[in-house]
Amino acid sequence: MTLIAFASVCLSVPLSAWALLCIHGRLFAGANHVAPLSSHLLLAAAALCLVKLNLSLVQKHLFSLRARKLGCSAPPVYPHKDPLFGLDSFVEGVKAVRGHGLIDLYQRRFQQCGPTYYQLTLGTWTLMTHDADNIKAILGPNMDDWPIDGPRLLSVLPVLGPGSIFSSNGGTWRAARALLRPHFARRAGDGGDGGDGAGADLACFRRHVDRLLAAVRAAGGAPIDAQALLLDMTMDSSTDFLLGRSTDLQLAPSAEARRFVADFEYASHESAWMARLGPALCRLPHPRLRRAVGRVRGYIRRYVERAREATMTTTTTTTAAAAAAAAHEKMTAAGATGGGEVKRPTFLDELLRDEAPEEYVVDQVLSILLAGRDTTASALSSVLYFLARAPEAVEKLRREIQTVREDEPSREQLKQLRYLNNVIREALRLFSPVPINARSARRETVLPRGGGPDGRQPILVPKGTPVRWSTHAMHRDKAIWGPDADEFRPERWEGDLRPGWEYIPFSGGPRICLGQQFALMQIAYTIFRLFREFQRIDARDSGPLLIRTNLTACFPHGCWISLRRE
C-alpha cells in the first residue's frame, strides 16, 4: 500500500499538468479561437500552483515514510477555525497578550490537546510542548539541533545585539559564554578573601538593599508596589555591579539615568511585542524603537569608552583595584552620573581586560543587565506575592531567620536556611521569570515524546519548525507536582522531591543561566533582610494572578503589599 500511495502521489504531477493542457485546448479549440496572452499566463500560474501542491504532497509522503522508519508518530493538532492560515490562533493570542492572559491561554490549550501539539499561526506551524523529556532534548544533548531563531531571536536581537550570549548560536555563543563564565565563577564562591570578588559583590548589593529597606520604612505600613521598588533596586545594583556607577533610581537619579531606564523598558517590551507579529511585520520600520535602542546602547557605550580609556592609561604593574579606581576617577571627571565609591574591579573592567571589541562588550553588558535586573526583580516580586497570601509560611520563615544571630548573614549562612531557600524554590516554580521559551529546528530531528494516541511515542520534527515550550505549564503539571500543583506550599521541598528537568527556572543544559547562584544569593539576602525587620506582610490587591510576558515575566499592575512591624 505504501508503494502504491507513493506512486499515486508522484503520478499526480504529470496527470495534473495533462489535465490543465486538456482544459486549455478545449477552451481555445478551432480556428476562430486564438488564445490570448493572459490565458497562457493564467495556465502557467495554475500549473506552478499545481506543481507546488503536488511536490508538497510528495515531500509530505516521504516525510511520513522517514517518520515511520524511525518509529515516530504524529502529535495532536489544535482544532483551528481557520485551518489554512491559523488567523483564529493569531487573533486569540493577540487578545490574550493584551489582557495578560497568554499563559492561561496556553494552559487551556494544553488541557485540550495534551502536553505536545501543533498549532498554526499566520501560516506557520509551531510545535507546543511542556513535556520535560522534549525540553531536555532541546536544551541538553541535542542542543545543536535547536538554535535560537525565529520569534525568540527577533525579540532580543534589536536590544541585545548579535553578539549577545542570549541571541547567538554555535561558535559565537560558545565564545560569549567562555568570556563570561570566569567572571561569574569568581562570584559563585563563598567570598571574603577578595580573590573571587564574592564578598565585595555582596557588600555592593547590601548598599542597595539598605536603600530598599529605607523606602519600605518610609511607607509606614501603607500599600506599596513592591515590584516597582524592586525593579529600581535591581537596576541600581546591576549597573553598580556591571559599570561601577549606579543609576541611583532609589535616591536622586539624573535625567540621563531616567531616560536610559525608560528606553530600556520600552525597547524590551516593544521588541517582544513586534516579534509576536511574525518575521515580516517585525522587520517593518519602527523609528521610535530604533531611537530607544540607540540611546540605550549609547548610554552603555559611553561607560565602555571611558573605562577603556582609563585602562589604557594604567601601567602593566597596576593592580585590579587601582585600575578600578582609575576608571572611577575618569568617569567622574567626564561627568558620569550615579553615586557610590568604587572599591573593586567591575564586571566591565574585567571584560575590557579580555580585549573584546567595543560593540561586543556592549552586547554582553546589556545581556547581563537584562538578566540581573529584570529576572531578579521578577523572582523577588513573586516571593513577596505568594508570602503575602501565606501567613503560616511567613511565621515559619521568620522563626528560621531569627536563628541567625547576625543581622548581616554570610553567603554560607544563607545557604543553610533551608526553609528560606524552599520558599524561593516554590515561588520560582509558580512564577518563573522566563515562563515561555522557544527554539527552531536546524535540521530534521526527533523529539522523544508527544506522538501517537497516548502521546508517548517520538515525533519527527521537520527542519525549520519552531518549537515553543512552557516552563510555567510544566512547573504546574499535576502529574509531576501532585493535585496541589497550583498552590504555594514550600513544605513540598522538605521530602524526597528531587525534580530534574521538570524544574528549570534557570533553564538547563549548556545554556543554563551563568548567574544562577549569584541571583539566588541576592534573592535570599533581600528576603532575609526584609523579614528580619518586618513581621507581617499583607496582600493589597484582590484580583486574579496575571502575568505579563515580555522578554521576562512580571506582574502587569504591580505587586501591591504592605509590610509592617508587629
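Of (1) over 21 Å from A553 (Cβ atoms); (2) part of a helix (DSSP H, G or I); (3) in contact (Cβ under 8 Å) with a residue 40 or more places away in the chain, M233 satisfies all except one. Which? Just one mismatch for M233, condition (1). Each residue in the stretch 64-91 was checked for being touching a Leu at 6+ places or on another chain (Cβ under 7 Å), farther than 30 Å from L102 by Cα and open to solvent by 50 Å² or more (accessible area, probe 1.4 Å), and 2 pass.
A single member of A320, A333, A324 is at pLDDT below 65, small (G, A, S) and open to solvent by 70 Å² or more (accessible area, probe 1.4 Å), and it is A333. Residue count for the stretch 485-513, restricted to those that are buried (at least 17 other Cβ atoms within 10 Å of the Cβ), closer than 19 Å to A438 by Cα and hydrophobic (A, V, I, L, M, F, W, C): 4.
The strands (runs of 3 or more DSSP E) falling completely within the stretch 441-488 that include 1 or more residues that are under 19 Å from S507 (Cβ atoms) map to 445-451, 466-470.
Across the stretch 218-230, which residue is farthest from the chain's Cα centre (by Cα) among those that are among the aliphatic types (A, V, I, L, M) and open to solvent by less than 40 Å² (accessible area, probe 1.4 Å)? The extreme case among them is A219.
Flag: E406 does not match the condition of being open to solvent by less than 50 Å² (accessible area, probe 1.4 Å), more than 20 Å from A519 (Cβ to Cβ), out of contact with any Lys or Arg (no Cβ under 7 Å at 6 or more places or on another chain) and free of Cβ contacts under 8 Å to residues at least 24 places away in the same chain.
Looking at the stretch 117-136 only, could you name the residues that are part of a helix (DSSP H, G or I) and either open to solvent by less than 10 Å² (accessible area, probe 1.4 Å) or of a type in the set (K, R) (or both)?
Answer for the stretch 117-136, where residues must be part of a helix (DSSP H, G or I) and either open to solvent by less than 10 Å² (accessible area, probe 1.4 Å) or of a type in the set (K, R) (or both): N134, I135, K136.
Within the stretch 531-544, if we keep just the residues that are touching a residue at least 12 places away in the same chain (Cβ under 8 Å) and assigned to a loop (DSSP other than H, G, I, E, B), the residue that is surrounded by the fewest Cβ atoms within 10 Å (Cβ to Cβ) turns out to be G543.
Residue-by-condition table, conditions (1) in contact with a helix residue (DSSP H, G or I) (Cβ under 7 Å, 6 or more places away or on another chain); (2) crowded, with 20+ Cβ neighbours inside 10 Å; (3) more than 28 Å from R152 (Cα to Cα); (4) free of Cβ contacts under 8 Å to residues at least 12 places away in the same chain:
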site: E392; (1), (2), (3), (4): no, no, yes, yes
site: F431; (1), (2), (3), (4): yes, yes, no, no
site: A438; (1), (2), (3), (4): yes, yes, no, no
site: A441; (1), (2), (3), (4): yes, yes, no, no
site: Q457; (1), (2), (3), (4): no, no, no, no
site: P462; (1), (2), (3), (4): yes, no, no, no
site: W469; (1), (2), (3), (4): yes, yes, no, no
site: P483; (1), (2), (3), (4): no, no, yes, yes
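The values are calculated or read from the model by the stated rules, or taken from the named source; none is laboratory data. Remember, it's a predicted structure, so these values are computed and weren't measured experimentally. Note: ideal-geometry Cβ built from the backbone for every residue, glycine included; neighbour counts use all protein chains shown. For accessibility, only protein heavy atoms count, side chains too; no ligands or nucleic acids. Shrake-Rupley method; radii C 1.70, N 1.55, O 1.52, S 1.80 Å.
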